[in-house]
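Working notes, beginning with the structure itself.
Each reported figure results from applying straightforward, stated rules to the coordinates on display, with no laboratory input. No experiment lies behind these values; they were computed from the predicted model shown. Quick reminder, even Gly has a Cβ in these numbers, built from the backbone with ideal geometry, and neighbours come from all protein chains shown.
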Amino acid sequence: MKNKFTAITSGLIGATLFITSTAISAGEVWKIQSHLPTGHLVYQAEQAWVNNVNVMLGGRLQLELLPGGAVVPQNETIDAIGYGIIDGDITTPAYFAGRDKGFAMLADLIGGYDDWTQAFAWCEFGGGKELFQKAYDKYNLHFVGCSNAGIESVIAKKPIRSLADFKGIKIRAPSGLAAGMFSKMGASPVNMGMADIYSSLEKGVIDAADASSYVMNSEAGFHDIAKYPLVDFHSLPVLSMSVNQKKWDAQPKDIQQILTTAYRDLTVQINLSDMVARGDVMAKDRSEGVEPIYWSAEEKSKMRQLAKSVWAEAATASPLAKDAYQSHVDFMAKLGLL
């Protein structure tokens, strides 16, 4: 009788623990901080992605997206995740370049890839994921994936039809690889926030700006005053998603796979949406006197060679920078870009 009672009691305790565990899991919410404000088109794409993923997770886990700076500054999410202040982020790793210059090259190989599919392929099949995980290991982070928001265009008040036309151009550009590349092209980089671009263009403080994709720049109103956008030009910023390693390890394999596989889809959604929207946006721009400018393959090749010298210089900054440089160069050579 005792043995039978013990067995029943043990079974009830086991069932209770299972139910409790399930309830805790069902109630678990991961706070994921973006680096963008709620009004940004990419943030809205991230929110739509989170909504879809939560359906796939079926209530066992829930993601909650927070705008940039909601809990910690954008350059501190890497620590906040490790310490459990937030559970994850979707961000540009360029914010972490102050810790290791290698993050800048992982975040955006300025002047490198021609389109989002090439940069995405580097992440998935060119060693990018592995390099990110190696870099994040010391922060107790698990790297989920490196989406991207598409290739950026240059906002310009003057026509820039060739490498030579950049000479003397005052261009808003973030410090680092972008500023280095524009300097080599003969331009004068100016470091300023996104909020200051419109007024600076309007007042003639700058002639051009490194900002976002063609569609996003147009919808932000930049083409109203800058009529010569340089289309699909130079920059493919990574959107890295990372989460707390211990919390990741505590999830069942199927949830881990849902998050990993689903994150690849964010890239597709952002870039396909941009592609579909571009035709109408560009037609409206042209009707209002905007002249989109595309560089020839020859001019892009010249730019890439200049950019390569910027990458090589940056590669000396740290072991991670060297590894990132070699990984990119090897993969671009495989694609026939170098």
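Percent of Cα-Cα pairs more than 22 Å apart in region 251-338, please.
Numbers: 2378 of 3828 pairs.
So the pairs more than 22 Å apart make up 62 percent of the total in region 251-338.
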Report, by chain and number, residues whose modeled amide H sits under 5 Å from the one on LEU141, excluding near sequence neighbours (fewer than 5 apart, same chain).
GLN245
Cα-Cα over 18 Å: which of LYS101/LYS300; LYS129/LYS300; LYS167/LYS302; LYS184/LYS308; LYS167/LYS300?
LYS101/LYS300; LYS129/LYS300
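Once the piece of chain linking ILE85 and TYR294 is laid out straight, how much longer is it, given 0.36 nm per residue of separation minus the C-alpha distance between them? List each step's numbers first, then the result.
Working: separation 209, 0.36 × 209 = 75.24 nm, distance 4.48 nm.
Result for the pair: 70.8 nm of gain on full extension.
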Name the residue, out of PRO252, PRO67, PRO229, whose mean-square fluctuation peaks in a Gaussian network model built on the chain with Cα pairs under 10 Å.
PRO252
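Express as a percent, rounded to the nearest 5, the fraction of DSSP beta bridges in the chain (both residues included) that run antiparallel.
Expressed as a percentage, antiparallel bridges in the chain total about 50.
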Per-residue [θ]222 nm for the chain (sum of -39500 (n - 2.57) over DSSP H runs n ≥ 4, rounded to 500)
-16000 deg cm²/dmol
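How big, on average over all directions, is the shadow cast by the Cα convex hull of the chain, in nm²? Don't skip to the answer; put the middle values down first.
Numbers: hull surface 76.1 nm².
Average projection, Cα convex hull of the chain: 19.0 nm².
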Could you identify which residue out of GLY112, GLY126, GLY221 has the top mean-square fluctuation in a GNM of the chain using Cα springs shorter than 10 Å?
GLY221
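Quick one: putting +1 on the C-beta of Lys and Arg, -1 on the C-beta of Asp and Glu, what dipole do you get for the chain around its Cα centre, in Debye to the nearest 20?
Numbers: 31 positive and 36 negative charges, 129 e Å.
Here the chain has a charge dipole of around 620 debye.
On a full-extension model of 0.36 nm per residue, what is the gain between LYS167 and ASP224, subtracting their alpha-carbon distance, rounded to one decimal in nm? Walk me through the numbers before you get to the answer.
On the way: separation 57, 0.36 × 57 = 20.52 nm, distance 2.38 nm.
Extending this stretch completely gives an extra 18.1 nm.
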Using every pair of alpha-carbon atoms in region 98-243, split the distances into 5 Å bins beginning at 0 and state the percent of pairs per bin, rounded to integers.
2, 10, 18, 21, 18, 13, 10, 6, 3, 0
How far apart, in nm, are the 7 Å Cα→Cβ label points at ASN51 and THR38?
1.4 nm
Between ASP137 and VAL205, with labels modelled 7 Å along Cα→Cβ, what's the label distance in nm to one decimal, could you check?
4.4 nm
Relative contact order of the chain, defined on C-alpha pairs under 8 angstrom at six or more residues apart (%)
23 percent
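If contacts are Cα pairs under 8 angstrom and at least 6 residues apart, what is the relative contact order of region 138-229 in percent? Mind showing how you got there, number by number?
Details: 134 pairs, mean separation 37.6, N = 92.
It comes to 41 percent, rounded to a whole number.
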